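The values are calculated or read from the model by the stated rules, or taken from the named source; none is laboratory data. No experiment lies behind these values; they were computed from the predicted model shown. With ideal geometry, Cβ positions are generated from the backbone for all residues, glycine too; neighbour counts draw on all protein chains shown. Heavy atoms of the whole protein, side chains included, go into the accessibility calculation; ligands, DNA and RNA do not. Shrake-Rupley method; radii C 1.70, N 1.55, O 1.52, S 1.80 Å.
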Amino acid sequence: MDAAEQLNRLRWRCTRRAMLEMDILLGGFLERRYASLTPEQADAFVVLADMEDLELWPLITGKRECDNPLQAQVVAMLRDVRIK
Amino acid sequence: MSALTIPIRKFDAVIVGAGGAGLRAAIQLSEAGLKTAVLSKVFPTRSHTVAAQGGVSASLGNSEEDHWHWHMYDTVKGSDWLGDQDAIEYMCRKAPEAVVELEHFGMPFDRTDEGKIYQRPFGGHMSNFGEKPVRRACAAADRTGHAMLHALYQRNVRANTQFFVEWMALDLIRNAQGQILGVIALEMETGQVVAFHAKATIIATGGAGRIYHSSTNAFINTGDGLGMAARAGIALEDMEFWQFHPTGVAGAGVLITEGVRGEGGILRNSDNERFMERYAPNAKDLASRDVVSRAMVTEINEGRGCGPHKDFVLLDITHLDPATIMKRLPGIRDISIQFAGIDPIKAPIPVVPTCHYMMGGIPTNYHGQVVNADGSVVAGFYAAGEAACASVHGANRLGTNSLLDLLVFGKASGDSVVDAVKKNGAAHQDLPADFAERTLSRLDRLNTQKGGASVDETRLAMQRTMQKHCGVFRFKDMLVEGVAKICEIEQAVHATEIGDKSQTWNTARVEALELDNLIEVAKSTMVSAEARRESRGAHVRDDAPDTPAHPNGRDDEAWLKHSLWHREGSTLSYKPVVLTPLSVETIALKTRAY
């Protein structure tokens with residue numbers, strides 16, 4: 001799979017979530033921030049996007065701690081994605 | 001590609017959709033030894049059933065006396081008497097068994113100190129035929145839908161159900177005799193189109209709330225099964241009935257729970273007025289969902305909305321003690337910060353009435369068999385869950401009956417398939433020579449379209465039109481205009497153009513195909529709503545007001561009937577509501593009042 005195909009797959013997995021909240025957050029992040037991530041941050045984002053919504057939401061709201069500092073960085077950026 | 005080159009895979013049964021209904025149906029099939037394929041656009045536990053938090057209702061009577069007949073009464077009343085009483089009796093009688101079965105599948109229900117399933121009160125759940133509230137909702141904390149999906153998925157893994165994940169079903173295969181022989185589907189990873197040739201097909205694709213601009217539904221809810229059915233010549237039932245929630249975050253749709261108003265939240269217009277005092281002097285902001293939604297829309301329509309476009313109102317909790325907000329409404333604070341960009345401790349939340357649930361769908365009987373307009377069964381075709389219309393929700397759904405619906409009718413449709421496959425024997429019906437023609441020409445059109453409309457812009461135009469012309473409060477002229485506008489948008493949908501023509505993970509193509517389905521749902525909704533000249537349940541028209549002759553604007557003489565929208569020619573026909581239950585007396589017509 002080439003890079004464009006991988007990005008399309010990631011787009012599908014970010015915008016067809018169980019919950020609307022996550023469609024908006026992950027889809028918005030992919031559109032606005034993903035391209036500027038370092039390769040390490042991009043990998044951390046893919047791990048986050050693979051989580052189920054009810055695992056990911058507590059990380060975003062700070063109810064649960066992230067597994068590692070890189071993940072915490074990306075979660076902080078996710079939190080900054082505003083819909084407006 | 002021609003029909004001759006499409007790979008054909010044979011199964012006893014194919015299920016489209018792996019949410020609660022599809023997974024529940026699949027258990028029946030796989031455990032009966034049928035070779036079963038389940039197609040899903042996403043991994044099963046990412047289905048939108050996850051978002052159902054409230055619970056599932058069953059008259060277990062674990063906390064206090066309860067009876068299925070009382071549950072039935074509440075459901076009929078909630079439906080504003082448009083629900084079919086045979087299907088409603090069936091569902092309410094089966095509810096305790098459905099919940100206990102789920103428990104045996106490993107569902108971690110909340111429990112009482114004695115170890116029984118804990119039950120909590122919920123709006124509209126009453127004992128003794130509407131007398132007083134009863135505790136009937138069974139839940140797993142606020143993750144009921146999530147826990148349910150996991151339990152059902154695990155059971156399917158044990159039963160060897162075969163999943164096709166990240167596949168999108170495109171069309172039903174139907175022969176000249178009207179029998180359904182499977183589906184044609186697209187594998188997203190390869191772009192390959194494959195025919196799933198089956199003795200039975202179950203549609204369990206959930207809702208289609210994305211037809212509206214403001215919707216609590218996840219992006220996945222594009223009504224794929226309804227589009228497929230409509231294109232195959234199956235009429236869609238009661239599509240004018242959509243449940244709206246009064247408080248979705250403006251611009252995002254994310255739900256703000258009723259609990260916010262319960263804790264003292266106040267709705268305000270652009271004059272900072274607490275407008276609910278005018279509409280419901282006693283209950284004020286705690287009036288029922290439909291009353292609050294209509295008041296909000298009236299304020300917006302009369303120019304007292306907020307923001308640059310005056311298109312939302314404000315939900316204010318700034319007068320509450322921040323400690324109370326942090327303690328009682330922490331989730332709401334998170335959501336407001338994330339999706340409205342405001343901290344509700346400091347500023348009010350912009351909200352609008354937001355589409356939440358589709359009561360209509362593919363017409364079925366209470367066995368989960370799809371039925372024609374004349375009541376005859378469509379051979380080989382079944383539907384369950386939000387995609388289906390049994391009809392148990394009628395003109396409005398009772399809270400917690402959505403999860404019950406998918407359990408009971410998921411199982412019923414599965415059982416019907418098992419019976420039919422056993423009875424009809426081992427052979428598959430032959431596929432007609434042109435079985436894939438229509439699908440392939442649709443794909444071909446997308447690949448070659450030049451100078452067409454953008455998918456995003458066309459979808460947005462449809463969503464705005466639905467919101468403005470066919471929202472929570474409906475007006476005759478707006479509906480008439482809405483039908484014309486939707487027909488115009490439909491033309492654009494049939495001429496969408498995509499830039500990406502690649503095969504692998506072409507999400508642009510998939511989104512264009514989803515829009516093909518959304519427009520069928522949108523058009524059926526608008527046309528059915530324009531035609532129904534009464535107010536009933538969730539369908540409320542300005543020109544059908546509350547009068548002594550027609551309380552709440554309901555006109556049983558003219559409109560106690562189900563709408564059936566036929567795609568061919570966009571025409572409507574009607575069929576009677578089943579008022580005769582299976583074993584008890586009819587629940588007689590009455591004015592719906594809470």
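Details
- Computed extension gain for B:Thr591 through B:Glu65, at 0.36 nm per residue and net of the alpha carbon distance, reaches 186.7 nm.
- Note on B:139-149: average number of Cβ atoms from other chains within 10 Å of each residue's Cβ is 1.
- In range of the label at B:Gln53: residues from the stretch B:257-283 whose backbone nitrogen is under 18 Å from the point 7 Å along Cα→Cβ: B:257-266
- Average accessible surface area per residue within chain A, 1.4 Å rolling probe, Å²: 48 Å²
- The phi torsions of the stretch B:279-284, fed into the Karplus equation with coefficients 6.51, -1.76 and 1.60 and a -60° offset, translate into couplings of 8, 9, x, 8, 6, 6 Hz, rounded to whole numbers, with Gly and Pro shown as x.
- Taking Lys and Arg as +1 and Asp and Glu as -1, the other residues whose beta-carbon sits under 11 Å from that of B:Pro246 total 0.
- Packing-based order for B:218-230, B:42-54, using average beta carbon neighbours within 10 Å, highest first: B:218-230, B:42-54
- For A:5-14, mean number of other protein chain Cβ atoms within 10 Å: 5
- Cα centre as origin, Lys/Arg/Asp/Glu Cβ charges: the stretch A:3-83 dipole, Debye: 280 debye
- Peptide B:482-490 has a mean shielding of 0, counted as Cβ atoms of other protein chains within 10 Å of each residue's Cβ.
- Debye, to nearest 20: dipole size of the protein assembly as shown, +1 on Lys, Arg Cβ, -1 on Asp, Glu Cβ: 180 debye
- When each of B:Lys41/B:Lys485; B:Lys35/B:Lys423; B:Lys485/B:Lys523 is checked by Cα-Cα distance, pairs over 21 Å: B:Lys41/B:Lys485
- The stretch A:28-78: chymotrypsin sites (Phe, Trp or Tyr not before Pro) in DSSP loop, at most 14 other beta carbons within 10 Å: none
- Of the GluC sites (Glu not before Pro) found in the stretch B:117-220, the ones in coil according to DSSP and having at most 16 other Cβ atoms within 10 Å of their Cβ are B:Glu131, B:Glu189.
- Spatially proximal aspartates and glutamates relative to B:Lys422 (Cα-Cα < 12 Å; intrachain offsets below 8 disregarded): B:Asp12
- In terms of its C-alpha gyration tensor, the stretch B:381-482 has an oblate overall shape, because the principal axis ratio a/c (a ≥ b ≥ c, square roots of the eigenvalues) is not below 1.5 and a/b does not outweigh b/c.
- Relative packing of B:519-531, B:340-352, A:52-64, which averages over residues the other C-beta atoms within 10 Å, highest first: B:519-531, B:340-352, A:52-64
- Approximating the spin labels as points 7 Å out from Cα along Cα→Cβ, the B:Lys327-to-B:Thr580 distance works out to 5.8 nm.
- Amide H contacts of B:Asp555 (H built 1.01 Å from N, under 5 Å, at least 5 apart or other chain): B:Ser535
- Cα gyration tensor shape for the protein assembly as shown, rounded if a/c is under 1.5, else prolate or oblate: rounded
- Pairs from the list B:Lys77/B:Lys284; B:Lys10/B:Lys199; B:Lys94/B:Lys411 with a Cα-Cα gap above 18 Å: B:Lys77/B:Lys284.
- Beta bridges per DSSP with both ends in chain B, % antiparallel, nearest 5: 65 percent
- When the accessible areas of B alone and A alone are added and the area of the pair subtracted, with a 1.4 Å probe, the result is around 3100 Å², both sides summed.
- Per residue value of the accessible surface for chain B (all protein chains in place, 1.4 Å probe), Å²: 36 Å²
- Three-way shape call for the stretch A:28-84 based on the alpha-carbon gyration tensor, with the a/c threshold at 1.5: oblate
- Placed amide H near B:Asp171: partners under 5 Å, 5+ positions off or other chain: B:Ile184
- By accessible area, using a 1.4 Å probe on protein heavy atoms only, the stretch A:3-83 has 50% of its surface on carbon and sulfur.
- Distances between placed amide hydrogens fall under 5 Å for B:Ala388 paired with B:Ile362, all partners being 5 or more residues away or on another chain.
- Integer Hz, Karplus 6.51/-1.76/1.60 couplings in order for the stretch B:51-59, x for Gly and Pro: 6, 6, 9, x, x, 10, 8, 7, 7
- Backbone phi angles across the stretch B:373-383, fed through the Karplus curve with coefficients 6.51, -1.76 and 1.60 (θ = phi - 60°), yield HN-Hα couplings of 4, 8, x, 6, 7, 7, 4, x, 10, 9, 8 Hz in residue order; Gly and Pro are listed as x.
- Antiparallel bridges, percent of DSSP beta bridges restricted to the protein assembly as shown (to nearest 5): 65 percent
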